[in-house]
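K.L.:
Sending over a structure as structure tokens; questions will come in a sec.
The values are calculated or read from the model by the stated rules, or taken from the named source; none is laboratory data. Note that the structure is a prediction, hence the values are computed from the model and not measured. Counting neighbours? That spans all protein chains shown, and the Cβs are built from the backbone with ideal geometry, glycine included.
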């Protein structure tokens, strides 16, 4: 995580800012999935009495070296093992962890953080981060058009392939066409994509579709499908519709939404019993100034949706863990255009799609 | 496998060529890892009395549809399961299988083919293919230089990173430098690469480093490290050293070998008791006319080796299954320059490297 300075910087600020010293000075801290041990080091620098840095992989050896080299070998104890299996000599005041995956929960370690919380956190203790939110916004991404074109090219390629196999081997493979088509659709049109979205590609403000208090959310709540409704007003970007020669800026009469964009943020607020005086938010929202490694997830819409500024995309999202791999997930979306414009009236009913987040 | 016409064409020729009809007409055939069922169809078309097409994945459903659509539903029986676990109603005369992985044995299904042979092949029965060979040649690939440059850039990046982490967070990460360096070396210099090598990049003829008779090789022989010695004469390519204005073509005084290139071929020769009248070889050697999907594996040498035409690279290769994943492997190479040239004399002793084939 060290190369991503938005990420590491947020943890650094939250943990070592002098305003938050009361949250760490003299406390016992558990770092879940410690990796290189950098968060454990931050906690030690913030005055922790003891830090248990639990890391399942052989990376634990490097964490130990890093801690020693920085003079905190007496404060930080690196333990190689899973947090579900380790036994600590005491309960802890604070849990720090960098557990977030793409779209927050993909391949995330949150299950392990909650297991650690339930097993080792003292009543009133705090988690860093303490809260997480998921966001969704309408966007123009070009990805949908590219994906549609690639899908069409792939299906055209199949046609040629079918003729070639017949000519070369006398085998009729048309029976496989539906399966091939389904596979290509899954790949090109029903799978979300990592992207570093520009804020100027958003076609309206985001909506918060889910919010977690990590101090209280249960494992059962996380395992159940997550459902959220949204209403996303469409807004013209600044300067859109302006003529080449300048003049009055007119909002465009039509906005073409060809993707939903999803991202998350986490907040370091401490706990009700031990609130952070200096609250920090780590956001993975679209940002001109440099994205985090998480980027955003783009859900391409084929065909795109058209609406006018002032209309809104209203719909719902369902995030489900995949039965074949509970660390991956599928995202169901449904949406329709609401509003008074002619485009909204022409948009027809609710559309649906299910995406794999890979 | 259908899109690779070198591959499918070789199987088609071997199985359906009328000269080989005695090998299939009226016979019972087992297709191991049938995939789409195309080889089973070829065998049925060649006159097999019965074909058992065993496929472990849900692809079996598509194989069934393909077989039905092509009118061989009464000959080909598609069975979903592993060949190690299925029970056939009879022994078979012939096993067909497309089991080969990169450099022949990476992620290959050969273990399953041998298990099927030992369980279900009648004495004197034949495997298609029946033999396999591994080849190695010296080459100029440019990959080694690119890999060296990338490695150097990555290590330079580490230097900057180390300073930045110190400046931002007051953490000294120099203790992690050796581990980072080892990881980058593994990635850039100790891992082979897939490539579609041009024949003109070979700097001499290949040597056969291993040969398998699939009718007799044992599982134990396959699981043991495979060791082979080689002597690779260096030859100047045609036209090398020619002046821009034409004139006499002079071989270059120095050849710079910056890679070993490995590939395989398989032969369809039937068995001693049932030889194929029309023998077919499927080669994955460098070919201007179009590579197979297997391409070749390139082992970059850093630094390169220099020799003169007439010198030779002499050495040994050891291919070992990886203990952490027996379907992957590591390739140990050692080499030295032999010959009378000044370059050979200056080349120094034997060099060694171990590569992961990923």
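K.L.:
Hey, among B:157, B:163, which residue is surrounded by 13 or more Cβ atoms within 10 Å (Cβ to Cβ) and in a helix (DSSP H, G or I)?
P.N.:
B:157
K.L.:
Looking at region A:53-95 only, could you name the residues that are within 11 Å of residue A:41 (Cα to Cα) and loosely packed, with under 14 Cβ neighbours inside 10 Å?
P.N.:
Hit for region A:53-95 is A:71, nothing else.
K.L.:
Quick check on my filter: what residues within region A:192-210 are more than 14 Å from residue A:297 (Cα to Cα) and part of a loop (DSSP other than H, G, I, E, B)?
P.N.:
A:203, A:204, A:205 - these are the residues of region A:192-210 that are more than 14 Å from residue A:297 (Cα to Cα) and part of a loop (DSSP other than H, G, I, E, B).
K.L.:
Taking region B:80-121, which residues are assigned to a strand (DSSP E or B) and over 21 Å from residue B:356 (Cα atoms)?
P.N.:
Going through region B:80-121, the residues assigned to a strand (DSSP E or B) turn out to be B:80, B:92-97, B:101, B:104, B:121.
Those that are assigned to a strand (DSSP E or B) and over 21 Å from residue B:356 (Cα atoms): B:80, B:92, B:93, B:94, B:95, B:96, B:97, B:121.
K.L.:
If we scan region B:56-73, do we find a residue that is away from every other protein chain (no Cβ under 14 Å), more than 24 Å from the chain's Cα centre (by Cα) and either closer than 18 Å to residue B:274 by Cβ or not in a helix (DSSP H, G or I) (or both)? Even if it seems obvious, please write down each step before you answer.
P.N.:
Taking region B:56-73 as the starting set, the residues that turn out to be away from every other protein chain (no Cβ under 14 Å) are B:56.
When the remaining residues are screened for being more than 24 Å from the chain's Cα centre (by Cα), the result is none.
Taking every residue of region B:56-73 in turn, none turns out to be away from every other protein chain (no Cβ under 14 Å), more than 24 Å from the chain's Cα centre (by Cα) and either closer than 18 Å to residue B:274 by Cβ or not in a helix (DSSP H, G or I) (or both).
K.L.:
Report, by residue number, each residue of region A:1-34 that is part of a loop (DSSP other than H, G, I, E, B) and at pLDDT 95 or above. Please lay out each step first, then the result.
P.N.:
So the first thing to find is which residues in region A:1-34 are part of a loop (DSSP other than H, G, I, E, B), and the list is A:1-4, A:17, A:25-27, A:33-34.
Passing the criteria: A:17, A:25, A:26, A:27, A:33, A:34.
K.L.:
Quick one: what pairs do we get from region B:37-48, first residue away from chain A (no Cβ under 11 Å), second surrounded by fewer than 24 Cβ atoms within 10 Å (Cβ to Cβ) and in a helix (DSSP H, G or I), C-beta under 8 Å, 6+ apart or different chains?
P.N.:
Short answer, once both residue conditions are applied: B:46/B:16; B:46/B:20; B:46/B:21; B:47/B:21.
K.L.:
Can you find a residue that is in contact with a strand residue (DSSP E or B) (Cβ under 7 Å, 6 or more places away or on another chain), assigned by TED's automatic domain parsing to the domain that holds residue A:227, closer than 19 Å to residue A:236 by Cα and not in a loop (DSSP other than H, G, I, E, B) anywhere in region A:329-337?
P.N.:
Residues of region A:329-337 in contact with a strand residue (DSSP E or B) (Cβ under 7 Å, 6 or more places away or on another chain): A:329-337.
Those left that are additionally assigned by TED's automatic domain parsing to the domain that holds residue A:227: A:329-337.
Those still in the list that are closer than 19 Å to residue A:236 by Cα too: A:336-337.
The next check asks that each one be not in a loop (DSSP other than H, G, I, E, B); those that pass are A:336-337.
Yes; the residues of region A:329-337 include at least one that is in contact with a strand residue (DSSP E or B) (Cβ under 7 Å, 6 or more places away or on another chain), assigned by TED's automatic domain parsing to the domain that holds residue A:227, closer than 19 Å to residue A:236 by Cα and not in a loop (DSSP other than H, G, I, E, B).
K.L.:
Ok, one more. Specify which of the listed residues (B:92, B:113, B:86) is touching a residue at least 60 places away in the same chain (Cβ under 8 Å), within 13 Å of residue B:32 (Cβ to Cβ) and in the same structural domain as residue B:23 (by TED's automatic domain parsing).
P.N.:
On the way: B:113 fails: in the same structural domain as residue B:23 (by TED's automatic domain parsing); B:86 fails: touching a residue at least 60 places away in the same chain (Cβ under 8 Å).
After ruling out the rest, the residue left standing is B:92.
K.L.:
Let me ask something else. So which residues in region B:166-186 are part of a helix (DSSP H, G or I), facing another protein chain (nearest Cβ under 10 Å) and more than 18 Å from residue A:61 (Cβ to Cβ)?
P.N.:
If the condition is that a residue be part of a helix (DSSP H, G or I), facing another protein chain (nearest Cβ under 10 Å) and more than 18 Å from residue A:61 (Cβ to Cβ), then B:168, B:169 are the ones that fit.
K.L.:
If you don't mind, there's one more thing I want to ask. Just to be sure I understand, how many residues within region A:338-347 are assigned to a loop (DSSP other than H, G, I, E, B) and either farther than 26 Å from residue A:297 by Cα or not assigned by TED's automatic domain parsing to the domain that holds residue A:328 (or both)? Before the answer, list the steps.
P.N.:
Start the filter on region A:338-347 by keeping residues that are assigned to a loop (DSSP other than H, G, I, E, B), which leaves A:339-341, A:347.
Those still in the list that are either farther than 26 Å from residue A:297 by Cα or not assigned by TED's automatic domain parsing to the domain that holds residue A:328 (or both) too: A:339-341.
So the count comes out to 3.
K.L.:
Something else: Condition (residue is in contact with a helix residue (DSSP H, G or I) (Cβ under 6 Å, 6 or more places away or on another chain), within 24 Å of residue B:68 (Cβ to Cβ) and not assigned by TED's automatic domain parsing to the domain that holds residue A:79) applied to region A:153-161: is it met by at least one residue? Spell out the reasoning first.
P.N.:
Just the residues of region A:153-161 that are in contact with a helix residue (DSSP H, G or I) (Cβ under 6 Å, 6 or more places away or on another chain), to begin with: A:154, A:158.
Checking which are within 24 Å of residue B:68 (Cβ to Cβ) leaves us with A:158.
Then keep just the ones that are not assigned by TED's automatic domain parsing to the domain that holds residue A:79; that gives A:158.
Checked region A:153-161: at least one residue is in contact with a helix residue (DSSP H, G or I) (Cβ under 6 Å, 6 or more places away or on another chain), within 24 Å of residue B:68 (Cβ to Cβ) and not assigned by TED's automatic domain parsing to the domain that holds residue A:79.
K.L.:
Any chance region B:76-91 includes a residue that's within 28 Å of residue A:170 (Cβ to Cβ) and within 14 Å of another protein chain (Cβ to nearest Cβ)?
P.N.:
Yes, that holds for at least one residue.
K.L.:
Let me ask something additional. Please enumerate the residues belonging to region B:304-325 that are touching a helix residue (DSSP H, G or I) at 6+ places or on another chain (Cβ under 8 Å) and either in contact (Cβ under 8 Å) with a residue 60 or more places away in the chain or part of a helix (DSSP H, G or I) (or both).
P.N.:
Here is the first cut: in region B:304-325, the residues touching a helix residue (DSSP H, G or I) at 6+ places or on another chain (Cβ under 8 Å) are B:304, B:306-308, B:311, B:321.
Of everything in region B:304-325, those that are touching a helix residue (DSSP H, G or I) at 6+ places or on another chain (Cβ under 8 Å) and either in contact (Cβ under 8 Å) with a residue 60 or more places away in the chain or part of a helix (DSSP H, G or I) (or both) turn out to be B:304, B:307, B:308, B:311, B:321.
K.L.:
Within region B:307-328, restricting attention to residues that are surrounded by fewer than 19 Cβ atoms within 10 Å (Cβ to Cβ) and in contact with a strand residue (DSSP E or B) (Cβ under 7 Å, 6 or more places away or on another chain), which residue is farthest from residue B:352 (Cα to Cα)?
P.N.:
The initial filter retains those residues of region B:307-328 that are surrounded by fewer than 19 Cβ atoms within 10 Å (Cβ to Cβ), namely B:310, B:314, B:316, B:318, B:320-328.
Narrowing the set further to residues that are in contact with a strand residue (DSSP E or B) (Cβ under 7 Å, 6 or more places away or on another chain) leaves B:314, B:316, B:318, B:320-322, B:328.
Working: B:314: 12, B:316: 9, B:318: 11, B:320: 15, B:321: 18, B:322: 18, B:328: 20 Å.
Top of the filtered list is B:328.
K.L.:
Can you confirm whether residue B:144 is in contact with a helix residue (DSSP H, G or I) (Cβ under 9 Å, 6 or more places away or on another chain), part of a strand (DSSP E or B) and buried (at least 19 other Cβ atoms within 10 Å of the Cβ)?
P.N.:
no
K.L.:
Could I ask something else about it? If we scan region B:327-347, do we find a residue that is at pLDDT below 90 and within 25 Å of residue B:106 (Cα to Cα)?
P.N.:
Within region B:327-347, one or more residues are at pLDDT below 90 and within 25 Å of residue B:106 (Cα to Cα).
K.L.:
Right, here's the next one. Considering only residues that are closer than 21 Å to residue B:202 by Cβ, surrounded by fewer than 24 Cβ atoms within 10 Å (Cβ to Cβ) and out of contact with any helix residue (DSSP H, G or I) (no Cβ under 9 Å at 6 or more places or on another chain), which ones fall in region B:265-298?
P.N.:
Across region B:265-298, the qualifying residues are B:265, B:295.
K.L.:
I'd like to check something: does region A:119-126 contain any residue that is over 30 Å from residue A:33 (Cβ atoms), surrounded by fewer than 18 Cβ atoms within 10 Å (Cβ to Cβ) and more than 14 Å from every other protein chain (Cβ to nearest Cβ)?
P.N.:
Going through region A:119-126, the residues over 30 Å from residue A:33 (Cβ atoms) turn out to be none.
No, there is no match, as no residue in region A:119-126 is over 30 Å from residue A:33 (Cβ atoms), surrounded by fewer than 18 Cβ atoms within 10 Å (Cβ to Cβ) and more than 14 Å from every other protein chain (Cβ to nearest Cβ).
K.L.:
Looking only at region A:188-200, filter to residues that are in contact with a helix residue (DSSP H, G or I) (Cβ under 8 Å, 6 or more places away or on another chain) and either modelled with pLDDT of 95 or more or closer than 20 Å to residue A:155 by Cα (or both); which one of those is surrounded by the most Cβ atoms within 10 Å (Cβ to Cβ)? Give the steps one after another, and end with the answer.
P.N.:
The first filter runs over region A:188-200 and keeps only residues in contact with a helix residue (DSSP H, G or I) (Cβ under 8 Å, 6 or more places away or on another chain), leaving A:188-189, A:193, A:195.
Then keep just the ones that are either modelled with pLDDT of 95 or more or closer than 20 Å to residue A:155 by Cα (or both); that gives A:188-189.
Values: A:188: 21, A:189: 17.
So, considering only residues that are in contact with a helix residue (DSSP H, G or I) (Cβ under 8 Å, 6 or more places away or on another chain) and either modelled with pLDDT of 95 or more or closer than 20 Å to residue A:155 by Cα (or both), the one surrounded by the most Cβ atoms within 10 Å (Cβ to Cβ) is A:188.
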